[in-house]
Amino acid sequence: MLKYIGKRFLLMIPVLLGVIIFVFTIMYLTPGNPARIMLGPNASEEAVQQLLEEKGFDRPYFVQLTDYIKNIVLRGDFGESFQTGEPVLKEILERFPTTLRLATLSVTVSLVFGLTFGIISATRQYSILDKVTTSFALLGVSMPSFWAGLMATILFSSILGWLPASGSYGWKYWILPPLVLGLHSAASIMRMTRSSMLEVIRQDYIRTARAKGQTESKVIIVHALRNALIPVVTVVGMQFGILLGGSILIESVFALPGLGRLIIGSIGKRDRMVVQGGVLFLALAFSLVNLLVDILYSFIDPRIKSQYQVTGKRRKEVPNNVDNKLEKQESN
Amino acid sequence: MNENKLLEIKNLTIQYKTDNGLVHAVNDLSLSLKKGESLGLVGETGAGKTTTALGIMNLVPDPPGIIIGGEIQFEGSDLLKLSKQNMRKVRGEKISMVFQDPMTSLNPVMTVGKQIAESVRIHETLSRKEAEQRAVDVLEMVGIPGERFNEYPHQFSGGMRQRVVIAIALACRPDLLIADEPTTALDVTIQAQVLDLIANLKKEQQSSLIMITHDLGVVAEVCEKVAIMYAGRLIEYGTLDDIYNHTRHPYSIGLFSSIPSIDGDEERLRPIPGLMPDPINLPKGCSFWPRCNRATENCKRAVPALIESDPDHWVRCIHIDKAGFFEKNAVSKKTDTSRNESITHTKDTDVEIDSSKLEESLASG
Ligand SMILES: Nc1ncnc2c1ncn2[C@@H]1O[C@H](COP(=O)(O)OP(=O)(O)O)[C@@H](O)[C@H]1O
Ligand code: SF4
Ligand SMILES: [Mg+2]
């Protein structure tokens, strides 16, 4: 298992490297001279040129790219923001907690609603409750989250005046955004839970559990749910990634000072280093969540765990003839 | 109800509502079982054996299944009238079931030990520790080392899994064990072991057994009584000796003549040319007439009644009377030399032949 996790970490390196090269290239090719944007239209040509040289942006593409990667790998240096002159890492770390909080709260909301209604509508298939929830879920998955965010702001802030529309100055500001994002992804989780649960309920081992005399609620919670969760976990992991990235839009709608808004703002300003660092950071977070999901899998499903164990063991045994012989004797 | 009777099914009718129509899975079935008795329920795939068993357990999947009517008397009460709560007390404690496919009937994400202990804890007030100890004991009883308590189903072979399923079923020492084709999904070499296990445990625990199978060899090994089902109906019922040595019903006779030998009984039964009728569209009259080589016009009129051809030997065929009219005829026509000697049909000489019926049947066949 540990070996597997280590391998997954190593596999993240090429992925992240790819992300760096990709984002770097796009930002490099984006028209607009960053020094000109920073200094404004009235600045002199010399001043612009001087700033460019100072930041090293006049050097050839390949030199800049290798320099950038080298600095990250060797010194953990992501460069400095054009606009503020602050280290990029510092800016990101300031903003990331907001994004993480938004994503975590949203995932919590989506899990609570998605799982609950998924289970309920699966166990009461074709009931009115099932039909209502599935219709809502269909509505939910078909609505873009930023649009839902705008509508929710109009309703709860402008019309009803219950909640603030934007900003982050206390808990009230943290109700609408996670609810909008969370309910949106709850729709996918609910649909997945429902279909997975319907599949599991028909399995023979559920009948075995009933044949033992187990109560219906325990049959569902103890036997069906854990099996039904296996595909749901994948969806939750994907949703978490989407929430991390999707927060870019929602943070803008609700004016939350998160990483997403930092990236959007920096794109407008051609603040290359911040955009690159920010995207890289999101990619890292996404990969880590994916890894976490895979590890979680093996806790839910023992079959997956033993797969890792078997492959780990086999590799060890190939060069070791004595062990091999012992095993053969044992299996005989 | 008779003191010694453990289970008495009366006129049980179960149907499935499907998009293609109403499936008449079990039709007006009556059966009874004494304490400690083993009954073999035999029939082709689709005859309604599993549905009957699920009916007894009150586990017919609904939808699409509906128990249309009948009674299932068990220890003084009608199982079909019990509350859900009381029925749960019967399941697993009084009546247990072993399902056909051990590969799918265990929960893949729960250790086998827990799955056995769960059964114990539902019905008995035991601490977790005590229940686990009991599970270890039961595991060893079915021939699995207790150390494997914490292993998951996928770590066991098919035969071992079926032992686990049997352990779950027997953990609370039920009065009645229903084994639904417990060996069909297993390798030949394992089949005998599992059958022996069931037979021995049944004896030890003094429980009754309904052994569902399409394999007459299995029945001969473990059962005292045999019931043969066809298209949801019981068509012949009697002691092992009645069914094996005094086979009456044309379908049963066909079943026996299809067995190549008593040990090499791997193949599914496809005894008589033709297929079992579609239970959505059962033929009028005797459901067997399209395949019966002795059918007459009369057979198509009404469902034949069960007739007691010998004491406690019941047959559902209009051309059978107390004398077992078809017997000789059937033997001469159906027996071939490759059939195993141990299955011999009656050669009683005191058979009265009703010549008018004989002529009628020969003319039509
Ligand atoms: N869940 C179900 N839905 C619809 N039809 C079913 C269902 N289960 C069984 N049947 C039908 O009921 C009939 C009897 O099936 P079953 O009791 O499983 O027979 P057996 O166990 O003897 O093979 C078959 O025709 C089968 O197709
Ligand atoms: S009633 Fe007729 S069709 Fe049915 S088994 Fe008897 S002879 Fe054959
Ligand atoms: Mg069956």
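Structure notes:
- In segment B:57-103, comparing the full protein assembly with the chain on its own, the residues that lose 40 Å² or more of accessible surface at a 1.4 Å probe are B:L59, B:R88, B:F99.
- The residues of chain A expose, per residue, 54 Å² of accessible area to a 1.4 Å probe.
- Residue by residue, segment B:156-167 carries 3J(HN,Hα) couplings of 10, 7, x, x, 5, 5, 5, 5, 5, 4, 5, 4 Hz when phi is fed to the Karplus relation 6.51 cos²θ - 1.76 cosθ + 1.60 (θ = phi - 60°); x denotes Gly or Pro.
- Whole-number accessible area per residue in Å² for segment B:1-143, which is evaluated in the context of all protein chains at 1.4 Å: 43
- Ranking of B:W289, A:W171, A:W147 by solvent-accessible surface, largest first: A:W171, A:W147, B:W289 (1.4 Å probe, protein heavy atoms only, all chains present).
- Measuring r between the beta carbons of A:L89 and A:S217 and using R0 = 35 Å, the FRET efficiency lands at 0.10.
- Global geometry of segment B:115-188, whether rounded, prolate or oblate, following the gyration tensor of its Cα atoms and the 1.5 cut on a/c: oblate
- Sequence of B:H123, B:H24, A:H223 when ordered by accessible area, the most exposed leading, probe 1.4 angstrom: B:H24, B:H123, A:H223
- For B:C317, solvent-accessible area (1.4 Å; no DNA, RNA or ligand), Å²: 10
- Segment A:1-127, relative contact order [Cα under 8 Å, separation at least 6], %: 12
- Between segment A:177-212 and segment A:1-80, the Cα center-to-center distance that results, in Å: 44
- Axial C-alpha extent at least 24 Å, average Kyte-Doolittle at least 0.0 - helices from chain A (DSSP): A:2-29, A:88-123, A:176-201, A:225-253, A:272-300
- Accessible surface buried upon A-B contact (total; probe 1.4 Å; Å², nearest 100): 2000
- Each residue of segment B:192-204 was assigned a 3J(HN,Hα) from its phi angle through the Karplus curve 6.51 cos²θ - 1.76 cosθ + 1.60 (θ = phi - 60°); the sequence is 4, 4, 5, 4, 4, 4, 4, 4, 5, 5, 4, 5, 4 Hz, with glycine and proline shown as x.
- Relative contact order, percent, segment A:172-229 [alpha-carbon distance under 8 Å, six or more residues apart]: 38
- Using a probe of 1.4 Å, the accessible surface attributed to B:K203 totals some 150 Å² when neighbouring protein chains are kept in position.
- Area accessible to solvent at B:S157, 1.4 Å probe radius, in Å²: 70
- Under 5 Å between amide hydrogens, built in the peptide plane, is the criterion, and for B:V303 it picks out B:G285 among residues at least 5 positions away or on other chains.
- Overall, the accessible surface of the protein assembly as shown at a probe of 1.4 angstrom is composed of carbon and sulfur to the extent of 58 percent.
- Under 5 Å, built H, 5+ apart or other chain: amide partners of A:L256: A:G167
- Relative contact order of segment B:153-264, defined on C-alpha pairs under 8 angstrom at six or more residues apart (%): 19
- In a DSSP loop and with at most 15 other Cβ atoms within 10 Å, the GluC sites (Glu not before Pro) in segment B:101-159 are B:E124.
- Listed cross-link partners B:K17/B:K284; A:K131/B:K10; A:K70/A:K305; A:K305/B:K89 are compared with a 29 Å cut-off, the Cα-Cα value being larger for A:K131/B:K10; A:K70/A:K305; A:K305/B:K89.
- In segment B:134-174, burial by the other protein chains removes 20 Å² or more of accessible area from B:Y152, B:H154, B:I168, compared with the chain on its own (1.4 Å probe, ligands and nucleic acids ignored).
The values are calculated or read from the model by the stated rules, or taken from the named source; none is laboratory data. Here the structure is a predicted model, which means the values were calculated and not measured. Cβ atoms come from the backbone with ideal geometry, glycine included; neighbour counts cover every protein chain shown. Note: areas computed on protein heavy atoms with side chains; ligands, DNA, RNA excluded. Shrake-Rupley method; radii C 1.70, N 1.55, O 1.52, S 1.80 Å.
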